[in-house]
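Structure first, then comments.
Please treat every number below as a calculation from the coordinates, not as lab data. As the structure is a computational prediction, the values presented were derived from the model and not from experiment. Neighbour counts run over all protein chains shown; Cβ positions are idealised from the backbone, glycine included.
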Amino acid sequence: MDREPHGEWGHRLASLALERLGRDSEAVDAAQEAVRLAPGSWAARLRLAGALRRVPGRWREAWAEAQKSVRYAPEEPGPHALSGDLALDRGDHRRAAAAYRAVLRRDRDHLGARVNLGLTLLGWEPPGRHHDPAWEADPAETTRAREALVVWSWQVRGLLAVALVAVVVAAFGFGLHLQAQIGGALVLGLVLAVTLRQAGKVGIWSHVPAMLGRDLWLSVAVSVTVFVIAGYLIGLATLPEPDTVDWAWSGALGLVVFNPVGVALLWLLVEAWRGRPVQALAEFARASGARVARRNMDVALWIVAGRAWWGLLVLSVLPVPRIALAALAVPVAMVLVGRKANLRGVVRRDRWLVGALGFLVASAISLTAAGVVPELERAWQGAWLALLAVAVAFCARAVRARFRNTPGPWRSALTRVELPTGDTSPSSDLTDEVRHAVTFSRSVVLSYMAPDGPRSIAVSAVTSVSRSGELRVIAGEESWEAVERDPRVAIFVGDPRFWAEVRGVAIADHDVLRITPRDVVVREYPGRQARAR
């Protein structure tokens, strides 16, 4: 920056260094200075977008800058990669997948885009999925609000479950029917106290509805708690006399006491059937040279195993034995999955997963045999035992992960690749002879893309060339409209000694077009030795 204070390159590098030091606000300032010096530089816009991304509440600005970078240099993979990351931050998987595919069309060996594309196919959500990065609210405040709602949910559900069990014991075991109802009603006072205490920790109630919409399991926790409170009231009001059966009361008791089991089963079902794990496996396999890709591959295989487990469980309990023949599809699917994933590497990394896959195949074969010979009881028993072994393997792998503090066989263990958010290559500069030719030559031509194809026109004048190399050109209205559609232009200038082509990005500003150079080509006229810069 001291050597070339009017060049944007130094400020762009400074912004990247400041970001790595954790000085985000200073990184934004340096990137904004780079953009001020070269407003048409895709690299400066990309760096500004990357810096703004780190600052809470400035996601929309970061997205706007990233889209400008894409518009200025659509052939570069970097702007598309950052656009994908920004979309993934908000959980917009469709837009993120489109951006990552754009990266891969330009660079098929881009490992980061491969891995992150696989995450979009799995429906991956960032750890702070309850928070929208476009909100101006501090992420710490929304996280605190989420924790308060989750704690409230667990405390209320646990308190009501214990209270209702105590009411049942007092009413049926000791014959204290009325006293049990009164005591159960008094527990509602504790529920109110817990609710008021946790409500005081939620400082941003205006964002809570949107948080519930973004975070599936937060909304499940809150809604289940509301149903548990309603079930407790119903169970308390309809508490039957001993030796009587009331189906409404039995359902309320089951809801209040056994809701954790139901939520756990719902979690397993949703986590297994969300996303497209087989397609994600294909993307992870193409990037298997990266450690993060191999880890994500293992998680995707656990998801595939979960789907197969649920499918085999349904086939094993259906009353029509012949339907069990459909279990033969599981081994076939395992073969297809094995072609996409390197199972040899999986054997070294996660033997519990290999065991689970083996038990699934064994269960499928047993069910197929039971479908052929329905009277073969041992085949049914073998299928159920194999499914139980798969569940044991999953639990053992989960306990091992918790005990060793390592990634487990669940979606939260998926990891994305943080793609670089800045180009470090130097910006193009104009030599003194090109500056002189552009300023004083009378043969200057501007080329741009019109609706009916490329077009070139003589430029009225190049008013000036800034110290940073920016050209200020006076051109007609047609060129202004063309620049609004596609800002990529070229300036051709002739000189008695040579001719030069300056390719860059044009931005309309008041009465002139401000052109930021990107590529500068200098040639001598035909018949002389050519030279390129």
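Under the classification rounded if a/c is under 1.5, otherwise prolate if a/b is larger than b/c and oblate if not, where does the stretch 365-446 fall, given a ≥ b ≥ c as square roots of the Cα gyration tensor eigenvalues?
oblate
What whole-number value in cubic angstrom gives the convex hull volume per residue for the C-alpha atoms of the stretch 336-391?
Per-residue hull volume (Cα only) is 70 Å³.
Please give the peptides 389-397, 280-288 ranked by average Cβ packing (other Cβ atoms within 10 Å per residue), highest first, as a rough proxy for protection.
Averaged packing, sorted descending, gives the order 280-288, 389-397.
Over the stretch 426-493, what number does the Rg to Rh ratio reach, with both radii from the alpha-carbon atoms and Rh per Kirkwood?
That ratio equals 0.97.
For the stretch 37-87, just say rounded, prolate or oblate: build the C-alpha gyration tensor, square-root its eigenvalues into a ≥ b ≥ c, call rounded for a/c under 1.5, and beyond that prolate if a/b exceeds b/c, oblate if not.
Oblate, since a/c reaches 1.5 and b/c is not below a/b.
Kirkwood hydrodynamic radius for the stretch 1-82: how many Å is it when counted over pairs of different Cα atoms?
On the way: mean 1/r = 0.0814 Å⁻¹.
The answer is 12.3 Å.
Between helix 42-53 and the chain, what is the angle of the helix's C-alpha long axis to the longest principal axis, kept within 0 to 90° and rounded to the nearest 10?
Tilt relative to the chain: about 30 degrees.
Asp138 versus Trp499, label points 7 Å from Cα toward the beta carbon: distance in nm?
6.2
For Phe403 and Leu343, FRET efficiency with R0 = 35 Å and r from the beta-carbon atoms, rounded to 0.05?
My answer for the efficiency is 0.85.
Within the stretch 143-197, report the chymotrypsin sites (Phe, Trp or Tyr not before Pro) that DSSP leaves as loop and that have at most 16 other Cβ atoms within 10 Å.
Counting only loop positions with at most 16 other Cβ atoms within 10 Å, the chymotrypsin sites (Phe, Trp or Tyr not before Pro) in the stretch 143-197 are Phe174.
With the cut-off at 1.5 for a/c, could you classify the chain from its C-alpha gyration tensor as rounded, prolate or oblate? The partial results should precede the final answer.
Details: a/c = 3.51, a/b = 1.98, b/c = 1.77.
Verdict is prolate for the chain.
Over all directions, average the projected area of the Cα convex hull of the stretch 53-122 and note it in nm².
Hull-based average projected area comes out at 4.3 nm².
Taking 8 Å as the Cα distance limit and 6 or more residues as the minimum spacing, I'd like the relative contact order of the stretch 150-202 as a percentage.
Worked out over the stretch 150-202, it gives 42 percent.
Run lengths n ≥ 4 of DSSP H only: what is the helix-derived mean residue ellipticity at 222 nm for the chain, with -39500 (n - 2.57) per run over all residues, to the nearest 500?
It comes out at -20000 deg cm²/dmol, rounded to the nearest 500.
How high is the relative contact order of the chain, in percent, with contacts defined as C-alpha pairs under 8 Å that are six or more residues apart? Before the final figure, lay out each step's value.
Numbers: 819 pairs, mean separation 71.0, N = 533.
Reported relative contact order: 13 percent.
Using the alpha-carbon atoms, what tilt in degrees (0 to 90, nearest 10) does helix 329-340 show relative to the longest principal axis of the chain?
Result, in degrees: 30.
Averaging sequence separations of C-alpha pairs under 8 Å and six or more residues apart, then dividing by the length of the stretch 219-322, give the relative contact order as a whole percent.
Reported as a whole number, the value is 19 percent.
Using Cα atoms only, what is the angle between the long axis of helix 277-286 and the major principal axis of the chain, expressed in degrees (0 to 90) to the nearest 10?
Helix 277-286 and the main axis of the chain meet at about 40 degrees.
How much FRET efficiency would the formula 1/(1 + (r/R0)^6) give for Thr415 and Arg442, where r is the Cβ-Cβ distance and R0 is 51 Å, rounded to 0.05?
After rounding to 0.05, the efficiency reads 0.30.
For the stretch 51-198, max minus min Cα coordinate along each principal axis, in Å, sorted largest first?
Result, largest extent first: 79, 29, 17 Å.
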